[in-house]
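The structure under discussion appears below in the form of structure tokens.
The values are calculated or read from the model by the stated rules, or taken from the named source; none is laboratory data. Keep in mind it's a predicted model, so treat the numbers as computed, not measured. No Cβ is skipped: glycine too gets one built from the backbone with ideal geometry, and neighbour counts run over all protein chains shown.
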Amino acid sequence: MKFDENLAAIHGYLCADGYVVKNPNLQKHKYYHIGLRNTCSVLLEDFRIKCNSAFKINPIIYRNERCKFGSKEVYNKLTKHYSFYSSEWELPKLSKRNLAKWLRAYFDCDGWVFVEERQNRHIGLDSINHNGLIQIKKALYTFDIESKLKKISGREISRLLIYRKQSLANFMRYIGFLHPDKKKKLKRAIDSYVDYNWHFPINQTELRKFVITLLKKRMKIKTNGILRINSILKHNLRTLAGTLKKEYGIESKVYGPRLNGYGTTYCELVVQKKAEIDKIKNLLNSPSKYPPQPAP
């Protein structure tokens, strides 16, 4: 089967929410059904148009929940080398252009977009076909899209997740969604990212105000008494550590990167010694008591 953009998308649709079936051999009356189950009218119409272009057949859309047609010739063509059962489908070998069309169709049907601003933004897929998700994970690398794949504990399901702004932006640029709601959510997810660089002022007075505000806003003192400040950018914490040492004589250490439960990397500035933590507490309670340290 020679793939073009239409057939690549059709294949992706069928692997996700489609079916390619015929009646049991024992039955006299023969039928061959190819269809897509989905409640998104945009996807049903796209499937219809692509089938018309690829097979010169005009499928029928039923009650805005499925688009199907019958054809022995198309059935035999589709199933000669490929299976479309949920646990058996395989991603065919495709050009980069056609691969993008296949991925778009598959994610449009089975994917989701989650947006919790400044907390968790991702594109996800669930499937019982773990090997199929492995193939998708490898295919995403073609577009510089990083993803994580894991099996769900206690269930026969695997989950693929795409995090990080650049990977989400690359997905939107190279693959995208046709599904209107998912398209809007992905744009909102990317737009919700903020500038994570901490812009330290050059002026010393402004710098001291900035540091005090930063400490009040971001520092956490754990039950063991250790003070921690997190950032996804290590250079933020290194600059802060240097400023604390130079301006106030406060010692700290920077660790990371580490990985949280959402798959996001972060770094930590840690102040462990009680004397250094007391300096910070006094600084925040009465900044004037801690004048800048003389330059070396």
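Quick rundown of the values:
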quantity	calculated
Leading residue by the ranking (farthest from Thr264 (Cα to Cα)) among those in region 182-235 that are of a type in the set (Ser, Thr, Tyr) and either touching a strand residue (DSSP E or B) at 6+ places or on another chain (Cβ under 8 Å) or modelled with pLDDT of 95 or more (or both)	Ser192
Tyr75 out of contact with any Ser or Thr (no Cβ under 9 Å at 6 or more places or on another chain), free of Cβ contacts under 8 Å to residues at least 40 places away in the same chain and hydroxyl-bearing (Ser, Thr, Tyr)	no
Listing of strands (runs of 3 or more DSSP E) fully contained in region 60-135 that carry 3 or more residues being surrounded by 20 or more Cβ atoms within 10 Å (Cβ to Cβ)	120-127
Total residues in region 136-149, condition free of Cβ contacts under 8 Å to residues at least 24 places away in the same chain and buried (at least 20 other Cβ atoms within 10 Å of the Cβ)	1
Residue list for region 46-59, filter: surrounded by fewer than 17 Cβ atoms within 10 Å (Cβ to Cβ), closer than 26 Å to Gly132 by Cβ and not β-branched (Val, Ile, Thr)	Ser53
Failed condition for Gly176, given (1) of a type in the set (Gly, Ala, Ser); (2) out of contact with any Asp or Glu (no Cβ under 7 Å at 6 or more places or on another chain); (3) without any contact (Cβ under 8 Å) to a residue 40 or more places away in the chain	(3)
Residue ID - surrounded by the fewest Cβ atoms within 10 Å (Cβ to Cβ), chosen from residues in region 257-280 that are modelled with pLDDT of 90 or more and in contact with a Phe, Trp or Tyr (Cβ under 7 Å, 6 or more places away or on another chain)	Pro257
Odd one out for Phe177 among (1) within 28 Å of Ile280 (Cα to Cα); (2) in the same structural domain as Ile136 (by TED's automatic domain parsing); (3) aromatic (Phe, Trp, Tyr)	(1)
Looking only at region 173-185, and only at residues there that are buried (at least 16 other Cβ atoms within 10 Å of the Cβ) and of a type outside the set (Ser, Thr, Tyr), the one that is farthest from Phe107 (Cα to Cα)	Lys185
Residue, surrounded by the most Cβ atoms within 10 Å (Cβ to Cβ), within region 194-216, restricted to residues that are part of a helix (DSSP H, G or I) and over 34 Å from the mean Cα position of the chain (by Cα)	Arg208
Residue satisfying condition, being touching a residue at least 24 places away in the same chain (Cβ under 8 Å), farther than 19 Å from Asp4 by Cα and not assigned by TED's automatic domain parsing to the domain that holds Asn170, within set Asn64, Asn98, Asn23	Asn64
Restricting region 132-160 to residues that are of a type in the set (Gly, Ala, Ser) and modelled with pLDDT under 95, the residue that is farthest from Ala100 (Cα to Cα)	Gly154
Qualifying residues in region 7-43 (those that are of a type in the set (A, V, I, L, M) and under 16 Å from Arg63 (Cα atoms)) - the one surrounded by the fewest Cβ atoms within 10 Å (Cβ to Cβ)	Val42
Matching residues in region 10-47 - criterion: being part of a loop (DSSP other than H, G, I, E, B) and within 19 Å of Asp108 (Cα to Cα)	Asn38, Thr39, Cys40
Only one of Lys80, Lys137 that is closer than 25 Å to Met1 by Cα and more than 19 Å from the chain's Cα centre (by Cα)	Lys80
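Residue-by-condition table, conditions (1) modelled with pLDDT of 95 or more; (2) touching a strand residue (DSSP E or B) at 6+ places or on another chain (Cβ under 6 Å):
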{"position": "Cys40", "(1), (2)": "yes, no"}
{"position": "Arg48", "(1), (2)": "yes, yes"}
{"position": "Lys96", "(1), (2)": "yes, no"}
{"position": "Glu117", "(1), (2)": "no, no"}
{"position": "Arg121", "(1), (2)": "no, yes"}
{"position": "Asp126", "(1), (2)": "yes, yes"}
{"position": "His130", "(1), (2)": "yes, yes"}
